[in-house]
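The values are calculated or read from the model by the stated rules, or taken from the named source; none is laboratory data. Bear in mind the structure is a predicted one, so any value in this text is a computation, not a measurement. Every residue, glycine as well, gets a Cβ built from its backbone with ideal geometry; the counts of neighbours run over all protein chains shown.
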Amino acid sequence: MRIVRRTDEAPGVHTIEINSRGDGRSGQFFMVSVPGVGEAPISVASGFGRNTLFTIRNVGSVTSHMNKIDTMGVRGPYGTKWPWKEYEEILAVTGGIGIPPVRSLIEEINDSGKGRKLEVLYGAKTPEDIIYKTEIERWMKKVNVHLTVDSGDENWTGRVGLVTSIMKDAEVSKSAGVFIVGPPLMMKNVVKEALNLGYREENIFLSLERRMECGIGVCGHCNVGEFYSCEDGPIFNYHKVKHQKELFL
């Protein structure tokens, strides 16, 4: 696919748009490749039916090369979707580079025309690390978005603290679907706080996109106990996988 646009989001993070109306749904991923370098799983960051967007942090050989190429290989989409159609109220909790699957969730719900009460909690390390700054301003017209940073600067007037510290401020009911995506430790703490606040574990869903190499359940690198993250996930119901010791590794 041809890359038609790049957008810098934060230090070391950029968004790539390819010339393809995507059929990926929110929560799913694609395997993207740089010829001669390798392949990596990347969550879809755009709503269904729009040009496909990938937001990428330069952390490895594949992702670091994506700023240097005009075309890249794309296969997919793979995996399960956020089950947003099952809930009238949704609380999406995310941190750091985990926000792309929430971005696509917001767009997909807004484009559907189906009324949902959606609340988003997003935590970043610093104000400079916040991704989708301009989109967040636009989302706030339709979605209740709470931001927090681990450490602020002289210009930051918002909340300071971990994303778990603002979960009590959510205005959705305790029967809401809770969608969580971010670093493993952050997700572990968010699940714990969600249960402490009274959300039901069968309504908690985790995005466990990690250690994928083939994307089609062949290589076995992404197993979560008896499950494969690429085939059975990456969106998992917490109630079904909570006993897997590999869950937050």
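Against the definition (crowded, with 16+ Cβ neighbours inside 10 Å and under 29 Å from PRO77 (Cα atoms)), how does VAL163 come out, yes or no? Judged against the criteria, VAL163 is not a match.
Which of the residues spanning the range 61-87 are free of Cβ contacts under 8 Å to residues at least 40 places away in the same chain and either polar (S, T, N, Q) or under 21 Å from HIS14 (Cα atoms) (or both)? The answer is SER61, VAL62, THR63, SER64, HIS65, LYS68. What are the residues in the range 3-23 that are farther than 23 Å from GLY76 by Cα and surrounded by fewer than 20 Cβ atoms within 10 Å (Cβ to Cβ), if any? Answer for the range 3-23, where residues must be farther than 23 Å from GLY76 by Cα and surrounded by fewer than 20 Cβ atoms within 10 Å (Cβ to Cβ): ASP8, PRO11, GLY12.
Across the range 33-59, the number of residues qualifying as closer than 24 Å to ILE130 by Cβ and assigned to a strand (DSSP E or B) comes to 11. Report yes if some residue within the range 61-78 is in a loop (DSSP other than H, G, I, E, B) and within 19 Å of the chain's Cα centre (by Cα); otherwise report no. No: zero hits. ARG21 meets each of the listed conditions (1) charged (D, E, K, R); (2) over 25 Å from ILE180 (Cβ atoms); (3) at pLDDT 90 or above apart from (3). Here the range 79-103 is the region considered, the condition is being among the charged types (D, E, K, R) and outside any helix (DSSP H, G or I), and the residue that is surrounded by the most Cβ atoms within 10 Å (Cβ to Cβ) is LYS81.
With the structure loaded, tell me whether SER64 is touching a Phe, Trp or Tyr at 6+ places or on another chain (Cβ under 8 Å) and not assigned by TED's automatic domain parsing to the domain that holds ARG103 or whether it fails that test. So SER64 does not fit the description; no. Scanning the range 118-135 for residues that are farther than 17 Å from ILE166 by Cβ and either assigned to a helix (DSSP H, G or I) or not aliphatic (A, V, I, L, M) (or both) yields GLU128, TYR132, LYS133, THR134, GLU135.
Among the residues that make up the range 213-236, is at least one of them touching a residue at least 12 places away in the same chain (Cβ under 8 Å), in contact with a Leu (Cβ under 6 Å, 6 or more places away or on another chain), among the aromatic types (Phe, Trp, Tyr) and surrounded by 14 or more Cβ atoms within 10 Å (Cβ to Cβ)? So far as the range 213-236 goes, yes, one or more of its residues are touching a residue at least 12 places away in the same chain (Cβ under 8 Å), in contact with a Leu (Cβ under 6 Å, 6 or more places away or on another chain), among the aromatic types (Phe, Trp, Tyr) and surrounded by 14 or more Cβ atoms within 10 Å (Cβ to Cβ). Among the conditions (1) out of contact with any Pro (no Cβ under 7 Å at 6 or more places or on another chain); (2) buried (at least 22 other Cβ atoms within 10 Å of the Cβ); (3) touching a residue at least 60 places away in the same chain (Cβ under 8 Å); (4) under 15 Å from LEU206 (Cα atoms), GLY123 misses just one, which is (4).
Mind listing whichever residues of the range 24-44 are closer than 17 Å to ASP70 by Cβ and surrounded by fewer than 20 Cβ atoms within 10 Å (Cβ to Cβ)? Selection gives SER33, VAL34, PRO35, GLY36, VAL37.
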